[in-house]
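J.: Quick one: the structure is below, questions incoming.
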2 protein chains.
Amino acid sequence: MALYDTMFSQLDVTSSQLLVNDGFFRDADFRKQLSETVNSLLNLTVIPIFNENDAVSTRKAPYQDSTGIFWDNDSLAGLLALELKADLLVLLSDVEGLYNGPPSDPKSKLIHTYVKEIHESEITFGDKSRLGRGGMTAKVNAAVCAAYAGTPVIITSGCVTDNITRVLQGERIGTVFHKDAHLWINTQEVSAREMAVAARESSRRLQVLSSEERSQILLAVADALEKNESVIKSENEADIVAAEEAGYEKSLVSRLALKPEKIASLVRSVRMLADMEEPVGQILKRTEIADNLTLEKITCPLGVILVIFESRPDALVQIAALAIRSGNGLLLKGGKEAKRSNEVLHKVITSAFPDTVGDKLIGLVTSREAIPDLLKLDDVIDLVIPRGSNKLVSQIKDTTKIPVLGHSDGICHVYVDKSANIDIAKKIVKDAKTDYPAACNALETLLIHKDLSTNGGLDQLVTELKIEGVELYGGPRASALLNIPETSSFHHEYSSLACAIEIVDDVFAAIEHIHEYGSSHTECIVTEDSEVAEAFLHQVDSAAVFHNASTRFCDGARFGLGAEVGISTSRIHARGPVGVEGLLTTKWILRGNGQVVDADHGVTYTHKELPIKA
Amino acid sequence: MALYDTMFSQLDVTSSQLLVNDGFFRDADFRKQLSETVNSLLNLTVIPIFNENDAVSTRKAPYQDSTGIFWDNDSLAGLLALELKADLLVLLSDVEGLYNGPPSDPKSKLIHTYVKEIHESEITFGDKSRLGRGGMTAKVNAAVCAAYAGTPVIITSGCVTDNITRVLQGERIGTVFHKDAHLWINTQEVSAREMAVAARESSRRLQVLSSEERSQILLAVADALEKNESVIKSENEADIVAAEEAGYEKSLVSRLALKPEKIASLVRSVRMLADMEEPVGQILKRTEIADNLTLEKITCPLGVILVIFESRPDALVQIAALAIRSGNGLLLKGGKEAKRSNEVLHKVITSAFPDTVGDKLIGLVTSREAIPDLLKLDDVIDLVIPRGSNKLVSQIKDTTKIPVLGHSDGICHVYVDKSANIDIAKKIVKDAKTDYPAACNALETLLIHKDLSTNGGLDQLVTELKIEGVELYGGPRASALLNIPETSSFHHEYSSLACAIEIVDDVFAAIEHIHEYGSSHTECIVTEDSEVAEAFLHQVDSAAVFHNASTRFCDGARFGLGAEVGISTSRIHARGPVGVEGLLTTKWILRGNGQVVDADHGVTYTHKELPIKA
């Protein structure tokens, strides 16, 4: 009390001690008067400070018995909050709030909203944890009692200045207890986390297996797919019927369908992966650090990967097979239109796993609502791969801290230089736009050197595109020159038989245009001048830059990468078409015979690069 | 009106058209009655829908002249909001709100809070942009007028269901206009973005230079540092005096000091980087895709890197030199205790840049408040490298979507197997803990095979550590066995002459312990059994795993990587000690002579790996 008095008086605030006893609360008159007293004090801006009147208490510890009304300061606070009809009870602790494990464990997460049904069983109140010793159990008990009786409670840290003010301003700190809390949140986060943790555990068991054993699993998966072809087909047929009844677009329904030859081709590709050179444990670099001290940088699995895909159920098989080959755990979220197909494929694949690995290696997430929860799990999911519309990818990139492998836009450019061979330019421009107009690597903006507008080159290119039925939208210069409609934006991805066209002064203006409006996906220069070509190839800051070749070559299969995980426009981890290496990371292995650093006198460093094949 | 009527009647709401004219508002009686009418309608739950009474208006377009009171529906809305003393005016648009450029440009950012002083000049209201045509200029003018006269305004999209409800519920959507808005936000975000954009532009100019020209810049930087040694020393001295006066810790002051030999050694390291093999443009993979169609994967600069470092001003020189060598732009944020040192070093270094590159290649951020703004710029900053305390790194990781290269914890383990050579174990354990106890690669938890507790091995190790003055904290088994205090947590990083010790059953229990409590940094096994060693090396999921060598070897210089950018415990981009390759990404270059895809009939794919040296 003396300390409270001193501290409050520095703020010119008076405080007043109120000592109460457990038994008082059985007396209705006391309770009425208590409220009046506290209200009077507050009207006089005097802060009441409650404590048990230990000196006259006849009770013996432990207080928590059947006769007790309160047992400790926390339960006293809860009781008073109810008696005084408080709007909010704030319980101050020495940690930020309630964690789902020991607060000192970095894996423990602060629980922002306590939901009895979820958290009662999840939280570790071990004897060994600070939770148990630090009184958090008592705080949670008091908080639950008060909250369910009607006074919301927030447990937060008393060690952080202004935390009380921040709570009152509605900042999201500490842990809130409220009788309606179970209505605010769903239980998905918990189960999403459990799935991710289980996938990681299974992936570690998968990694222990030999390359040969992982191949065997893939062969078993291929066999299971073959054996279950009829049930897969009937479930897929049910999805197709439902999609048609729901009036989905024809193109979506066609992507949904697993035709008979499709299953056979999936089985073939799984068997091909079984035969593939082992991607894990590849030595990327070997260095002799000192005598008998050899360092290796080797490839290893990333861990747990979340793949969110739309429509095509065959994507599930491909990505599952890649995960098994590369020793990763997987969480899969497919589109609801392919629900039954995905469920049967998932079941067939995971049933083929040996018990040593377990079927939780690959988790199938079924509800759309789970996605936001999954995207929060940056401590247990290592990479997100969205395979779907630009909108899906953008939304995911905007809402997660987990690294995302993918590309939202594909604004690809072809620049035709003044020195271009016009026949080559015509071929490339035609292919880049018309081979598959909706592809992400299709041409969206054609840039033309200004000299071609006077020597007939421009006209030839425009004619070629018009013959193919391509609608042209001009930039300011091109629309004036060609008398075509002006493009609404150079950022637009047409994804159809249409593209933008603009005149530029030279290769440097083209590069500038690409940096200003491009999406760093794929760009091409058509020129016979190798100096101009090299300037373009090296200065354009995109994932893929081509000279005299169609943008459509930007693709994992065409690049010879084998299975394609996706195309990335990120600069981190993987860029451009990504094969199985996108599912891998590296680690350093050092083998010695007792070497120590000893302030760098322990060994004589040689730092000799060694051949990679030992 | 008919549409409004129909739509509202579906909700059983009546609407009522009110047609007004500009001149009416000059009449005080009309204005009084207008308010009364609207209030009466609202009391009857009739929605008033205002419009100009165009039919009887005598005005001619354009309306915005000196006599007009309102000119369009937006200014009418603003006027009415003020007349009716509205609490809030919501203006609905076909875009999310006000952007700082054309909304179709993905680089344009939604402005959440409009501040006249900042945004008036920043926003592009070009003739060509949708902003100009779509009426956003009119909306912003009306919003500014109403807001400054006292009615807050929100511009948001009318195309999204529930946006009005969401605005009323206080969700952060659209753009808010409020007369006090300038008090809510600061101008840092704008300048941080400008610095980052300028650094990227300069970096592109740097990348155009030849390797030799970049070397020349480094040599010029080295010369400038030498030439300005005295002014650098005097500014550094001023920082030291200020730090001492401020009562900073001695260790911090000592890290702050640039001793004379330190500048000479920095100059030497900059000259070494000038001589270094060119890291940019290295060919990592070459593939013949088809005849005369060759694919290369080459290294290229990441772009713009933000480095946040504490105390040591020499870090500024090292990272600046690395950025120049690798063609990257840089934003630097140093500690305030080294403010003058950092400023003079930054000035000396950037003054040595040729005009072709420009001094904005490296930006120095001076205010601490700028950090949150910088961390939001995930569209212009490619990587954040924090160099400082665990707390700093954790905070940064928690608050940014930009990839972070670094490690927050260094909970390193040494596991001594039953088959260990105890002399080697003693040497390694001693070195791992005592060579530099505060290092991130120092031993924090010693795991001992249970058999060593009966054969004397455990006692020898404990004695060795006690001789060195290491305090030991036991896990449950070790504390019982050795009669030492129990550790509060296996997650604790002692960073001093202290460590945890625990008994485990075998190598698999050790691996499990490391996965449960480790931070994936560096772990070591001491064993003479090569099978056990290989299991540990391959199964432990950490950035660096060692056999019979001290954890202290986990370091860029000791690994022979040259300059060290940092040690990463991330699985993405770079893992473990990271050299200059941490500042690089890759791109794909394809050289052809007119090849097209043509539904994969355009070329005959050969996919032949070619030697890397052409």
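Just so it is clear, none of the values below were taken in a lab; they were calculated from the coordinates. No experiment lies behind these values; they were computed from the predicted model shown. All Cβ positions, even for glycine, are placed from backbone atoms using ideal geometry, and neighbour counts span all protein chains on display.
J.: Compute the long axis of helix B:457-467 from its Cα atoms, compare it with the longest principal axis of the Cα atoms of chain B, and write down the angle in degrees, 0 to 90, nearest 10.
T.: The angle comes out near 80 degrees.
J.: Just name one of B:403, B:349, B:45: the one whose Cα is farthest towards the positive end of the charge dipole of chain B (beta-carbon charges, Lys/Arg +1, Asp/Glu -1).
T.: B:349
J.: Pick out, in residue order, every one of the GluC sites (Glu not before Pro) in region B:256-360 that is DSSP loop and has at most 14 other C-beta atoms within 10 Å; say none if there are none. Intermediate results must be reported in sequence, preceding the final value.
T.: Numbers: sites: B:261, B:277, B:288, B:296, B:310, B:337, B:343; in loops: B:277, B:310.
Those that pass, being in a loop and sparsely packed, are B:277.
J.: Between residue B:389 and residue B:355, with labels modelled 7 Å along Cα→Cβ, what's the label distance in nm to one decimal, could you check?
T.: Taking the two extended label points, one gets 4.6 nm.
J.: Once you treat every alpha carbon in region B:472-553 as an equal point and sum by Debye, what is log10 I(q)/I(0) at q = 0.26 Å⁻¹?
T.: -1.35
J.: What per residue convex hull volume, in Å³, do the alpha-carbon atoms of region B:509-614 yield? Walk me through the numbers on the way to the answer.
T.: Values: hull volume 22.3 nm³, N = 106.
Dividing the Cα hull volume of region B:509-614 by its residue count gives 210 Å³.
J.: Here's something else I'd like to know. So how compact is region A:361-439: Cα radius of gyration and Dmax in angstrom?
T.: Values for region A:361-439 (Cα only, Rg and Dmax): 19.2, 56 Å.
J.: Another one. Binning every alpha carbon pair distance of region B:204-285 at 5 Å from zero, what are the percents per bin?
T.: Each 5 Å bin holds this share of Cα pairs: 3, 13, 18, 15, 14, 11, 11, 8, 5, 2, 1, 0.
J.: Treat the count of other C-beta atoms within 10 Å as a stand-in for reagent exposure and order A:409, A:5, A:541 from fewest to most. Walk me through the numbers on the way to the answer.
T.: Values: A:409 19, A:5 15, A:541 22.
Neighbour counts put them in this order, fewest first: A:5, A:409, A:541.
J.: Mind giving me the FRET efficiency for residue B:471 and residue A:282? R0 is 41 Å, r the Cβ-Cβ distance, nearest 0.05 is fine. All intermediate terms of the calculation are to be shown ahead of the outcome.
T.: Numbers: r = 42 Å, r/R0 = 1.03.
Here the calculated transfer efficiency is 0.45.
J.: Right, something else. Mind checking B:570-577 for the average number of partner chain beta-carbons within 10 Å of each residue's beta-carbon? Display every interim value, and only then the final one.
T.: Numbers: counts 5, 12, 11, 7, 4, 6, 5, 1.
Rounded to a whole number, the mean comes out at 6.
J.: Modelling each spin label as a point 7 Å along the Cα-to-Cβ direction, I'd like the residue B:259/residue A:483 distance in nm, to one decimal.
T.: Distance between label points: 8.1 nm.
J.: May I pose another question? Which of the lysines could be linked to residue A:139 by a straight reach, that is with a Cα gap under 23 Å, when you skip same-chain ones fewer than 8 residues away?
T.: Hits, sequence-local ones excluded: A:60, A:85, A:107, A:109, A:116, A:128, A:179.
J.: Could you run the Karplus curve 6.51 cos²θ - 1.76 cosθ + 1.60 with θ = phi - 60° over region A:397-404 and give me ³J(HN,Hα) per residue in whole Hz, x for Gly and Pro?
T.: Once rounded to whole Hz, the list reads 4, 6, 10, 9, 9, 6, x, 10.
J.: Would you kindly calculate the mean projected area, averaged across all directions, of the convex hull enclosing the Cα atoms of region B:269-357, in square nanometres?
T.: Details: hull surface 30.4 nm².
The directionally averaged projection comes out at 7.6 nm².
J.: How much length, in nm to one decimal, is gained on full extension between residue A:516 and residue A:42, taken as 0.36 nm per residue of separation minus their Cα-Cα distance?
T.: 164.4 nm
J.: Tell me which GluC sites (Glu not before Pro) from region A:166-241 have a DSSP coil assignment and no more than 12 other beta carbons within 10 Å of their own. If you can, show how the numbers build up before the last one.
T.: Working: sites: A:171, A:189, A:194, A:201, A:212, A:213, A:226, A:229, A:235, A:237; in loops: A:171.
Loop-located and lightly packed - A:171.
J.: Angle between the Cα long axis of helix A:314-325 and the longest principal axis of chain A, 0 to 90 degrees, nearest 10?
T.: 80
J.: Also, I was wondering about something else. Label points 7 Å out from Cα along the Cβ direction at residue A:112 and residue B:32: separation in nm?
T.: With each label point 7 Å from Cα toward Cβ, the separation is 5.2 nm.
J.: Which whole-number percentage describes the relative contact order of chain B, with Cα contacts under 8 Å and a sequence gap of 6 or more? Don't jump to the answer; show the numbers that get you there.
T.: Numbers: 1109 pairs, mean separation 70.6, N = 614.
Relative contact order, chain B: 11 percent.
J.: Moving on to the next point. To the nearest 0.05, how large is the calculated FRET efficiency for residue A:506 and residue B:162 if R₀ is 45 Å and r is the Cβ-Cβ distance?
T.: Efficiency at R0 = 45 Å is approximately 0.35.
J.: Can you sort A:499, B:159, B:440 from fewest to most other Cβ atoms within 10 Å of each residue's own Cβ?
T.: Working: A:499 27, B:159 11, B:440 24.
The fewest-first ordering by Cβ neighbours comes to B:159, B:440, A:499.
J.: So, one more: Return the long-range amide H neighbours of residue B:89 (sequence gap of 5 or more, or a different chain), with a cut-off of under 5 Å between placed amide H atoms.
T.: Here B:153, B:154 satisfy the definition.
J.: So, one more: What is the calculated FRET efficiency for residue B:121 to residue A:604, with r their C-beta to C-beta distance and R₀ = 60 Å, to the nearest 0.05?
T.: Values: r = 62 Å, r/R0 = 1.04.
After rounding to 0.05, the efficiency reads 0.45.
J.: From the backbone phi of region A:331-345, what are the Karplus-calculated ³J(HN,Hα) couplings (6.51 cos²θ - 1.76 cosθ + 1.60, θ = phi - 60°) in whole Hz, Gly and Pro given as x?
T.: My calculation for region A:331-345 gives 10, 10, 10, x, x, 5, 5, 10, 3, 5, 4, 4, 5, 6, 4 Hz in order.
J.: Largest first, please: the extent of the C-alpha atoms of the protein assembly as shown along each principal axis, to the nearest Å.
T.: Result for the protein assembly as shown: principal-axis Cα extents of 94, 89, 81 Å.
J.: Considering every Cα-Cα pair within region A:412-564, what fraction, in whole percent, is farther apart than 19 Å? Walk me through the intermediate numbers first.
T.: Working: 5438 of 11628 pairs.
More than 19 Å apart: 47 percent of the Cα pairs in region A:412-564.
J.: Can you tally the lysine pairs in region A:343-454 where the Cα-Cα distance is under 22 Å and the two residues are eight or more apart, or on different chains?
T.: Within region A:343-454, the lysine pair count is 16.
J.: Considering amide H positions built from the backbone, and no H for Pro or chain starts, which residues 5 or more places from residue A:98, or on another chain, come under 5 Å of its amide H?
T.: The answer is A:111, A:175.
J.: Another one. Quick check: the angle from helix B:73-83's long axis to the longest principal axis of chain B, C-alpha only, nearest 10 degrees?
T.: Result, in degrees: 90.
J.: Right, something else. If amide H atoms are built 1.01 Å from N in the plane of the peptide, which residues on other chains or at least 5 residues away come under 5 Å of the amide H of residue B:16?
T.: Amide H neighbours of residue B:16, under 5 Å, 5+ apart: B:47, B:49.
J.: Shifting gears a bit: For chain A, what is the percent of antiparallel DSSP beta bridges, rounded to the nearest 5? Don't skip to the answer; put the middle values down first.
T.: On the way: 24 of 76 bridges.
Percentage antiparallel, nearest 5: 30.
J.: Beyond 50 Å, what percent of the Cα pairs of chain A remain? Please list the in-between numbers first.
T.: Values: 66128 of 188191 pairs.
Tail of the P(r) past 50 Å holds 35 percent of the pairs.
J.: Give me the lysines in straight-line cross-link reach of residue B:613: C-alpha distance below 25 Å, same-chain residues under 8 apart excluded.
T.: Of all the lysines, those that pass the test against residue B:613 - Cα under 25 Å, at least 8 places apart if same chain - are A:285, A:297, A:608, A:613, B:285, B:297, B:587.
J.: For region A:306-442, count all C-alpha to C-alpha pairs, find those more than 23 Å apart, and express that count as a whole percent of the total. Present the calculation step by step, with values, prior to reporting the outcome.
T.: Numbers: 4340 of 9316 pairs.
For region A:306-442, the share of Cα pairs beyond 23 Å comes to 47 percent.
J.: So what J values fall out for region B:558-566 if you push phi through Karplus, 6.51 cos²θ - 1.76 cosθ + 1.60 with θ = phi - 60°, rounded to Hz, Gly and Pro as x?
T.: These are the phi-based 3J(HN,Hα) values: 5, 6, x, 8, x, 4, 9, 7, x Hz.
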